[in-house]
Each structure stands twice: as C-alpha cells, then as structure tokens.
Amino acid sequence: MILHLSDLHFGTEKIECIEAIQRFCQLHPPEAVVVSGDLTQRARFKQFYACKQFLESLDRPYIVIPGNHDIPLYHLWNRFFSPFARYQLFFGQMESVLETEHFYIVGLNSIRRRYHTRGYISLEQIERTDQLLQHAPPDKIKLILAHQPFYTPPDDQHGIKDCPVLGKMALEMWAKSGLNGLLHGHLHQSAFYNLNEIYNLNAHHPILEIHAGTATSYRLHHGLPNGFNVIENNMDVHPYYFEVARQDFILDQRIIEKA
C-alpha cells in the first residue's frame with residue numbers, strides 16, 4: 001500500500017499530526033509516501049527544510065510534486081524569474097517517476113507562475129506522461145500525482161476553475177494507456193470519483209480521482225479535519241482523519257469507497 005499525503009503547508013504545521021503520521025508509518029510501513037503538492041505555506045527556505053526533514057523521518061521512499069503554495073507569492077522577482085528554485089534545491093526535478101512493488105507513480109507539475117491557483121498542463125506534458133504510462137510494467141498500478149484536481153462535482157464551490165484546461169483531453173489519452181487513478185490535493189478535503197463513468201472514457205476498469213485533505217496544516221477548510229489516504233494494491237482507498245481526542249489518525253468509515 002501507499003500513503004497519500006497532501007497540503008502539508010509547512011509553516012502552518014501541527015506537531016500532533018506530524019507525530020501521528022510518523023507513528024503510522026512505523027506501525028504500517030507503506031511501500032511509498034506520495035505527496036500531492038503544497039509542501040509549504042509560503043515557499044520559504046526554512047519551510048522546505050522542515051518538510052524535507054519530516055519526509056526523511058518517515059524512512060520510506062517518497063515522491064512529491066509542487067503545489068501553488070510552493071512558488072513565491074509576494075516576492076514577485078523570484079515568482080517570475082525563478083519560481084521553483086527553492087523547491088528544486090530540496091527536492092530536485094519537479095516531475096519524476098517512482099516505481100514500487102505494486103505501483104508505478106508519475107509526478108506531473110500542474111503549477112504555473114501566471115496562475116495563482118488554477119492548474120495547467122501542456123500538450124507536451126500530456127504526451128510525455130502518456131509515453132511513461134505506455135512503457136510502465138503491465139503488472140503495476142498506474143497512478144498520476146498532480147496538485148489540482150481533474151474533476152470537481154457540479155455543486156462544489158470551486159467548480160471547474162481549479163481544474164486544468166486540457167484535463168479531459170489528457171484523460172481520454174491516458175485511459176487508453178492503462179491509467180488506474182490520479183492523486184490530488186488543493187481542496188483540503190477527501191473525495192473519490194470514478195472518472196471512467198463521469199467522462200465516459202471507455203476504459204475496462206475504474207479510473208479513480210482521489211482527493212486528499214490537508215495532512216498536517218491548521219489551515220482547515222469547511223471545518224473538515226486533517227486527513228490522508230491509504231491506497232491498497234487492489235486500488236481500495238481508505239481515508240483517515242485526525243481525531244483530536246485520540247491525538248491520532250483513524251479510519252473514516254463514512255466516506256470509504258471501493259473501486
């Protein structure tokens with residue numbers, strides 16, 4: 001299984017959540033930890049450093065991609081001329097691949113300096129990702145890791161404004177290459193959807209859109225608790241939420257959805 005974290009927002013982190021995740025990884029070691037962006041609150045050096053220290057402390061392979069909070073907001077010179085400099089100093093390239101025993105995970109950078117929150121992916125990224133999916137081992141679960149969601153329900157207050165413009169076209173291509181799911185954050189809430197049904201992708205299996213809440217930040221949306229997802233090697237998704245009374249993450253039976 002893999003541990004899906006998102007929206008860590010170091011600089012606004014809660015030590016009790018950090019310690020609970022560390023305990024979880026000791027008791028239930030995942031194949032890998034995947035983080036779908038917003039590692040920091042304001043893309044500051046000490047925030048990236050703290051995030052790096054936290055991820056290293058889990059002692060598991062991990063893959064990260066940037067979120068919109070991981071490029072400078074107020075330092076306009078850096079935002080326009082070197083937006084990813086600090087991210088790359090600590091985490092290297094912005095798009096990478098992580099292969100584990102059961103998973104093949106492709107990182108996709110959907111962040112652009114000209115957009116504050118909205119995701120953006122290029123035709124070149126779509127094609128490159130498709131080539132990676134095509135050449136992935138056929139026995140591995142194929143996942144894409146991106147910050148912004150590719151789908152939000154019609155009644156969601158975010159609507160489609162935070163979804164990449166070319167998202168549906170990308171999904172139609174990736175579905176033919178065996179994509180099993182996408183992992184996102186950004187909205188600070190857990191949710192799961194079958195994109196194969198929603199977009200009529202004609203795949204022979206579900207293609208899950210998996211959203212994670214904020215794992216460690218006190219920047220909670222709509223009163224929702226901190227949370228993360230566990231994804232099993234049969235694509236069962238188990239959401240966990242932080243229970244303050246126990247000071248620990250527990251399985252959220254209310255929103256479990258089986259693929």
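Data overview
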{"item": "Selection count where residues are free of Cβ contacts under 8 Å to residues at least 24 places away in the same chain and under 20 Å from GLU95 (Cα atoms), scope the stretch 36-73", "result": "2"}
{"item": "Tally of residues being surrounded by 14 or more Cβ atoms within 10 Å (Cβ to Cβ) and out of contact with any His (no Cβ under 8 Å at 6 or more places or on another chain) across the stretch 206-233", "result": "7"}
{"item": "ALA170 being farther than 24 Å from ASN234 by Cβ, not in a loop (DSSP other than H, G, I, E, B) and not charged (D, E, K, R)", "result": "yes"}
{"item": "Residue ID - nearest to the chain's Cα centre (by Cα), chosen from residues in the stretch 169-200 that are aliphatic (A, V, I, L, M), under 27 Å from PHE242 (Cβ atoms) and surrounded by 23 or more Cβ atoms within 10 Å (Cβ to Cβ)", "result": "LEU183"}
{"item": "Count of the stretch 206-219 residues which are out of contact with any Gly (no Cβ under 8 Å at 6 or more places or on another chain) and either modelled with pLDDT under 95 or within 13 Å of TYR151 (Cα to Cα) (or both)", "result": "1"}
{"item": "Matching residues, the stretch 8-25, being over 20 Å from ILE63 (Cβ atoms), in a helix (DSSP H, G or I) and β-branched (Val, Ile, Thr)", "result": "ILE15"}
{"item": "Tally of residues being part of a loop (DSSP other than H, G, I, E, B), touching a residue at least 40 places away in the same chain (Cβ under 8 Å) and not hydroxyl-bearing (Ser, Thr, Tyr) across the stretch 206-243", "result": "9"}
{"item": "Some residue of the stretch 145-166 being exposed (fewer than 15 other Cβ atoms within 10 Å of the Cβ), modelled with pLDDT under 95, in a loop (DSSP other than H, G, I, E, B) and hydroxyl-bearing (Ser, Thr, Tyr)", "result": "no"}
{"item": "Pair list, Cβ < 7 Å and 6+ apart or interchain, from the stretch 120-136 residues that are closer than 15 Å to ALA175 by Cβ to residues that are assigned to a loop (DSSP other than H, G, I, E, B)", "result": "ILE126/LEU166; THR129/LEU108; ASP130/SER177; LEU133/SER177; LEU133/GLY178; LEU133/LEU179; GLN134/SER177"}
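The values are calculated or read from the model by the stated rules, or taken from the named source; none is laboratory data. Keep in mind that what you see is a predicted model, and the values were worked out from it rather than measured. Glycine also receives a Cβ, built like all others from the backbone with ideal geometry; neighbour counts cover every protein chain displayed.
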